[in-house]
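Heads up, the thing below is written out as structure tokens.
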Amino acid sequence: MEYWGVALMVFCSMLNGVGQFLFRASVARGEGAPGPALLGSAKFWGGIGVYVFATFINIYAFRFGDLTILYPLTNLVLVWNLIFARRLFGDRIGVRRVAATALIFVGCVVVVS
């Protein structure tokens, strides 16, 4: 049953990455604080909705495994963020960021195995 929990946690990390993508997409880059206009942004509210949904799935996932195995998988959101940042926003990704993200991924694999 622990693999079901692992699968749910990986899915939650992906949802959190989508939520963070929506948050970033809801603000203009290079401007000051977003202010009240942010509250009218559908992307902002979509990000909150995705986060809430992911939180409930995350809580449910803990039924299927140990906290010490499942919770570290939330860090996979950093892997998704690296992919989203490059593909969707065109961010420049350096070797150090790729290496650090690879270490996070390897750490998650080691925890689960």
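The values are calculated or read from the model by the stated rules, or taken from the named source; none is laboratory data. As the structure is a prediction and not an experimental result, all values here were calculated from the model. For neighbour counting, all protein chains shown are included, and Cβ atoms are generated from backbone atoms with ideal geometry for every residue, glycine included.
Considering only residues that are of a type in the set (Gly, Ala, Ser) and on the phi < 0 side of the Ramachandran plot, which ones fall in region 66-100? Passing the criteria: ALA85, GLY94, ALA99, ALA100. Only a single criterion out of (1) assigned to a helix (DSSP H, G or I); (2) surrounded by 14 or more Cβ atoms within 10 Å (Cβ to Cβ) is not satisfied by VAL27, namely (1). Annotation note: Cβ proximity below 8 Å between a residue of region 92-113 that is under 19 Å from ASP66 (Cα atoms) and modelled with pLDDT under 90 and a residue that is β-branched (Val, Ile, Thr) and surrounded by 10 or more Cβ atoms within 10 Å (Cβ to Cβ) (sequence gap 6+ or interchain) occurs for VAL111/ILE69; VAL112/VAL6; VAL112/ILE69.
Candidates PHE44, PHE89, PHE56, PHE64: the one that is modelled with pLDDT under 85 and of a type in the set (Phe, Trp, Tyr) is PHE89.
Checking each residue in region 42-76 for being closer than 10 Å to MET9 by Cα, within 13 Å of the chain's Cα centre (by Cα) and among the aliphatic types (A, V, I, L, M) picks out ALA54, LEU73, LEU76.
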